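Peer 1: Dropping a structure here in structure tokens format, bear with me for questions.
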Amino acid sequence: DMGGQIDAVVDGGKCSIGVESTVVSFLGETAILLRPGGVSAEEIRETIGDLEIDKAVFSSLDKESKPSSPGMKYKHYSPKAELILIKSKQEKYISFVNSQKGDRIYSLCFDEDIELIKKNAFSYGKTSDSREQARNLFECLRKLDDLNAKTIYARVPEQNGVGLAVYNRLIRAAGFKIIDLDQ
């Protein structure tokens, strides 16, 4: 990722979680989750009780807002291709991606989708396993960069547990571009 921008990199191997950094602010009366990560909101609540989730976890901040934590305001962790999130049930997602025409169009989906997608599909884990999705997400995005993908349609994960962190990284990588097929 550093592409010659630094002198050296120490390779510690594959990350055990994939979305390690959880950031929580304790500056007010109620703790606020600023960036979800490997420690889920549910786990934090079990330990401290009340926890709010900052609106920037789900949407972009306006230009005047000052981010409370790095990575909250801008497009982040993104592949070279245009990444678009698709919010839908499996059947609508499959139909949508199979109807897309053109070169270098890829699907970033779940294991259960792979056999139903006609071409260029990469799974980042099982639908029900957000920890697996977290471990595989960035590796899949890098593989899609290596394939010179032009457009990637990613199926939105569940937003509970570590899935909230996966969703947060995807929405930032997509520059907040979402197509909701369930509306």
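The values are calculated or read from the model by the stated rules, or taken from the named source; none is laboratory data. Because the structure is a prediction, the values reported are computed rather than measured. Backbone-built Cβ (ideal geometry, glycine too); neighbour counts: all protein chains shown. Heavy atoms of the whole protein, side chains included, go into the accessibility calculation; ligands, DNA and RNA do not. Shrake-Rupley method; radii C 1.70, N 1.55, O 1.52, S 1.80 Å.
Peer 1: What about residue 108, is it open to solvent by less than 30 Å² (accessible area, probe 1.4 Å), within 18 Å of residue 158 (Cα to Cα) and touching a strand residue (DSSP E or B) at 6+ places or on another chain (Cβ under 8 Å)?
Peer 2: On the way: open to solvent by less than 30 Å² (accessible area, probe 1.4 Å): yes; within 18 Å of residue 158 (Cα to Cα): yes; touching a strand residue (DSSP E or B) at 6+ places or on another chain (Cβ under 8 Å): yes.
So residue 108 passes the test.
Peer 1: Looking at 68, 21, 78, can you tell me which residue is open to solvent by 30 Å² or more (accessible area, probe 1.4 Å), closer than 23 Å to residue 143 by Cα, in contact with a strand residue (DSSP E or B) (Cβ under 7 Å, 6 or more places away or on another chain) and among the small types (Gly, Ala, Ser)?
Peer 2: Of the residues listed, the single one that is open to solvent by 30 Å² or more (accessible area, probe 1.4 Å), closer than 23 Å to residue 143 by Cα, in contact with a strand residue (DSSP E or B) (Cβ under 7 Å, 6 or more places away or on another chain) and among the small types (Gly, Ala, Ser) is 21.
Peer 1: Hey, can you tell me all the residues within the range 110-133 that are over 19 Å from residue 160 (Cβ atoms) and of a type in the set (A, V, I, L, M, F, W, C)?
Peer 2: Step one: filter the range 110-133 for residues over 19 Å from residue 160 (Cβ atoms), giving 113-123.
Matches in the range 110-133: 114, 116, 117, 121, 122.
Peer 1: Which is touching a residue at least 40 places away in the same chain (Cβ under 8 Å), surrounded by 12 or more Cβ atoms within 10 Å (Cβ to Cβ) and not polar (S, T, N, Q), of 35, 45? Can you show your working first?
Peer 2: Working: 45 fails: touching a residue at least 40 places away in the same chain (Cβ under 8 Å).
Checking each option against the conditions leaves just 35.
Peer 1: In addition: Given (1) surrounded by 17 or more Cβ atoms within 10 Å (Cβ to Cβ); (2) in contact (Cβ under 8 Å) with a residue 40 or more places away in the chain; (3) closer than 22 Å to residue 14 by Cβ; (4) of a type outside the set (D, E, K, R), identify the lone condition not met by residue 147.
Peer 2: Checking residue 147 against (1) surrounded by 17 or more Cβ atoms within 10 Å (Cβ to Cβ); (2) in contact (Cβ under 8 Å) with a residue 40 or more places away in the chain; (3) closer than 22 Å to residue 14 by Cβ; (4) of a type outside the set (D, E, K, R), the one that fails is (1).
Peer 1: So which pairs qualify, if the first residue must be in the range 97-125 and in contact (Cβ under 8 Å) with a residue 12 or more places away in the chain and part of a helix (DSSP H, G or I), the second must be of a type in the set (D, E, K, R) and open to solvent by 60 Å² or more (accessible area, probe 1.4 Å), the Cβ gap must be under 8 Å, and the two must be at least 6 apart or on different chains?
Peer 2: 98/118; 111/126; 112/126
Peer 1: Are there any pairs, at least 6 apart or on different chains, whose C-beta atoms fall under 6 Å, with the first in the range 164-183 and small (Gly, Ala, Ser) and the second open to solvent by less than 10 Å² (accessible area, probe 1.4 Å) and part of a helix (DSSP H, G or I), and if so, which?
Peer 2: none
Peer 1: Take residue 116 and tell me if it is touching a Pro at 6+ places or on another chain (Cβ under 9 Å) and modelled with pLDDT of 95 or more.
Peer 2: On the way: touching a Pro at 6+ places or on another chain (Cβ under 9 Å): no; modelled with pLDDT of 95 or more: yes.
So residue 116 does not fit the description; no.
Peer 1: For the range 150-163: of the residues being open to solvent by 30 Å² or more (accessible area, probe 1.4 Å) and in contact (Cβ under 8 Å) with a residue 24 or more places away in the chain, which is nearest to residue 83 (Cα to Cα)?
Peer 2: The first filter runs over the range 150-163 and keeps only residues open to solvent by 30 Å² or more (accessible area, probe 1.4 Å), leaving 150, 158-160.
Filter again for in contact (Cβ under 8 Å) with a residue 24 or more places away in the chain, leaving 150, 158, 160.
Details: 150: 9, 158: 18, 160: 22 Å.
Per the criteria, the residue is 150.
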